[in-house]
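First comes the structure, then the notes that go with it.
The values are calculated or read from the model by the stated rules, or taken from the named source; none is laboratory data. Note that this is a predicted model, so its numbers are computed, not measured. Cβ sites come from the backbone with ideal geometry, for glycine too, and all protein chains shown count toward neighbours. We work out accessible area using only protein heavy atoms, side chains counted, and drop any ligands, DNA or RNA first. Shrake-Rupley method; radii C 1.70, N 1.55, O 1.52, S 1.80 Å.
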Amino acid sequence: MTQPFSYKNLSFIENFGHSLSAPAFVHHPSSVDEIHEAFQLAKKEGMTVTLRGAGRSYNDAALNSLGIVLDLQGLNKILEWNSETGVVTAEPGVTLAKLWQVVLPDGWWPPVVSGTMATTLGGCLGMNIHGKNNFKMGTIGEHVLEFTALLPTGAKITCSPKKNGDLFRAMIGGMGMLGVFTSITLQMKKMHSGLLQVHAYPVHNLEEHLKALLDGAPQHDYIVGWLDATAGGKGLGRGQIHAAKYLHEGDDPDANKTMRVDYQTLPDRMFGVFPKSIIHYFMAPFMNNFGTWGVNTAKYVMSLRKGTYRQSHAAFHFLLDYVPNWELAYGRSGLIQYQSFLPKETALEAWRGILALSHTRRLPSYLGVTKRHRPDDFLLSHSVDGFSLAMDFKVTRSNKEKLAAMLQEFDQIVLSAGGRFYFAKNSETTPETARRFLGGETIEKFRMLKQRTDPDNLLESDLYRRVFG
Ligand SMILES: Cc1cc2nc3c(=O)[nH]c(=O)nc-3n(C[C@H](O)[C@H](O)[C@H](O)COP(=O)(O)OP(=O)(O)OC[C@H]3O[C@@H](n4cnc5c(N)ncnc54)[C@H](O)[C@@H]3O)c2cc1C
């Protein structure tokens with residue numbers, strides 16, 4: 001490995017939303033030995049190390065101010081794929097895009113995917129991602145049969161639900177703070193078509209919205225809501241639900257064709273004309289309170305017609321990937337996402353309060369997305385038996401402080417309602433908030449495991465320092 005401390009490789013890296021940036025010594029190891037060397041150098045020089053996958057976290061999870069960042073995208077080989085059993089073993093830099101493209105033609109699909117296929121398996125396990133099927137399939141960690149990891153001490157370990165179970169449940173969702181996943185073995189889900197049967201229908205207010213998620217989930221494999229966060233009054237919480245089911249064997253006469261990669265691949269032109277890479281320039285003029293109110297209202301009116309149709313897996317799951325670099329439309333200071341997870345009993349009142357507050361403060365969210373969730377037993381779990389609401393906010397130089405203050409008020413509402421937060425998303429979670437939703441005992445347990453795997457505290461990130469002090 002080249003010397004990490006020359007200013008030649010000091011560069012500014014950003015979070016996904018371009019709202020945060022930090023100077024770091026960025027390295028691109030291509031083997032586990034090189035990762036080990038980086039730990040040794042960090043120890044010698046008194047520096048810290050952050051692991052980075054595709055950098056798709058909305059916050060400071062993969063940033064390390066004036067420390068070392070190991071970009072692991074170079075470790076991107078599928079090590080083993082068994083098309084009979086659907087078991088895959090891959091290096092941590094393999095993206096979800098690469099994974100589904102290997103397994104779908106053989107009739108399989110990743111059991112849990114994020115809203116973008118650009119994420120890496122290491123990053124997905126680091127945060128224990130959930131999909132639009134969280135209520136049914138849980139988080140990605142629930143489908144990991146085994147992983148191997150390199151600890152900062154140089155030790156190599158293997159973990160599964162039964163072997164080193166405490167580390168298994170803490171490293172998955174452990175924000176890359178306990179060790180480095182070096183290979184991951186996952187069980188894929190059997191498919192009989194490259195298509196999903198999708199049912200789209202409107203919901204007219206928040207109460208109806210949450211009821212639709214609750215009642216619709218048991219009858220579907222996936223459910224997700226779009227929430228018009230600019231609407232107030234009687235329409236507060238209105239939106240549209242998309243619920244989808246897998247097709248059974250024989251339902252799709254062209255299954256061999258629809259499971260092909262070229263059938264799934266998202267088109268690179270919008271309306272067959274505009275290259276998608278320039279679409280975000282056309283979106284930018286609408287990224288203000290008035291413009292997004294107009295766009296959301298038009299979308300809501302269009303969603304009033306119910307519809308049932310078949311859609312490819314890639315188009316259903318990775319809608320946001322349709323417009324590359326869409327986040328740039330938010331302008332120079334970027335965007336942040338605030339996602340809260342609330343028990344089904346308290347969500348209605350809490351989100352009514354949050355949405356109303358965002359309107360009073362004149363800081364509406366430009367995009368709202370809801371999901372149905374179930375709890376899990378990972379140590380730093382963000383999930384609940386309830387719902388989540390993700391809200392995207394535009395950051396500007398003039399609204400920064402006001403926005404941060406409002407999100408602190410949101411935190412208090414969520415905490416009082418027994419809610420939780422997700423370390424891949426929120427940018428303002430404080431140590432006090434983390435202690436309140438995780439509990440002191442959980443944090444203590446995490447610290448003790450860290451003491452075991454990383455006694456020199458080599459693994460740190462801006463997120464870890466912010467939340468765990
Ligand atoms: C458009 C969009 C849609 C999204 N939709 C969803 C969604 O539906 N559901 C959801 O749960 N999340 C979602 N996310 C969040 C995203 O899935 C997570 O932030 C994920 O962790 C990003 O993966 P990454 O490869 O970019 O990891 P990074 O952001 O680079 O890193 C994430 C964390 O993983 C750690 N890490 C990375 N590699 C390793 C490794 N090899 N070993 C140990 N730790 C490691 C890092 O240190 C960091 O703490 C979305 C993000 C975007 C931008």
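For the pair Gln219 and Leu357, a Förster radius of 25 Å applied to the C-beta separation gives a FRET efficiency near 0.15, rounded to the nearest 0.05.
Computed over the Cα atoms of the range 158-248, the ratio of the radius of gyration to the Kirkwood radius (Rg/Rh) comes to 1.17. With unit charges on the beta carbon (Lys/Arg positive, Asp/Glu negative), name the residue among Leu41, Gly17, Asn76 whose Cα is farthest towards the positive pole of the charge dipole of the range 13-138. About the Cα centre, the residue reaching furthest to the positive side is Gly17.
Given the range 1-135, what whole percent of its Cα pairs are spread farther than 17 Å? Value for the range 1-135: 62 percent of Cα pairs lie more than 17 Å apart. Spread over its residues, the convex hull of the C-alpha atoms of the range 57-209 is 146 Å³ per residue. Note on the range 225-267: Kirkwood hydrodynamic radius from all Cα pairs is 13.8 Å, rounded to one decimal. Only helical DSSP H runs with n ≥ 4 go in: add -39500 (n - 2.57) per run for the chain, normalise by residue count and round the 222 nm mean residue ellipticity to 500 deg cm²/dmol. Helix contribution divided over all residues of the chain: -8500 deg cm²/dmol. In the chain, the sites counted are GluC sites (Glu not before Pro) in DSSP loop states with at most 12 other Cβ atoms within 10 Å, and the longest stretch holding none of them, exclusive of the sites, is 85-248. Once a ≥ b ≥ c are taken as the square roots of the eigenvalues of the Cα gyration tensor of the range 247-388, is the result rounded (a/c under 1.5), prolate (a/b larger than b/c) or oblate (a/b not larger than b/c)? Here the range 247-388 falls in the oblate category. Calculated over the range 308-446, the projected area of the Cα convex hull averaged across directions stands at 10.3 nm².
The range 403-435 and the range 33-58 have Cα centres separated by 28 Å. Here the scattering of the range 238-330 is modelled by Debye summation over its C-alpha atoms, one equal scatterer each and no solvent; at q = 0.19, 0.21, 0.23 Å⁻¹ the log10 of I(q)/I(0) is -1.14, -1.24, -1.30. With all protein chains in place and a 1.4 Å probe, the accessible surface of the chain carries 54 percent carbon and sulfur. With each label modelled as a point 7 angstrom along the Cα→C-beta vector, the Ser31-Val261 pair spans 2.7 nm. With the cut-off at under 11 Å, measuring from each backbone N in the range 67-101 to a point 7 Å along the Cα-to-Cβ line of Ser160 picks out no residue. Looking at the range 221-311, the trypsin sites (Lys or Arg not before Pro) that sit in a DSSP loop and have at most 16 other Cβ atoms within 10 Å of their own Cβ are Arg260, Arg305, Lys306.
Provide the net charge surrounding Arg52, with neighbours chosen by a C-beta distance below 14 Å and charges set as Lys +1, Arg +1, Asp -1, Glu -1. Its environment carries a net charge of -4. How many percent of the alpha carbon pairs in the chain exceed a separation of 29 Å? When every Cα pair of the chain is considered, 48 percent fall beyond 29 Å. The residues of the range 206-280 have, on average, 50 Å² of accessible surface per residue, using a 1.4 Å probe with all protein chains present. The range 383-436 has equivalent-ellipsoid semi-axes of 21, 13, 10 Å, by the square roots of 5 times the alpha carbon gyration tensor eigenvalues, sorted largest first.
The alpha carbons of the range 410-469 stretch over 37, 23, 15 Å along the principal axes, in descending order.
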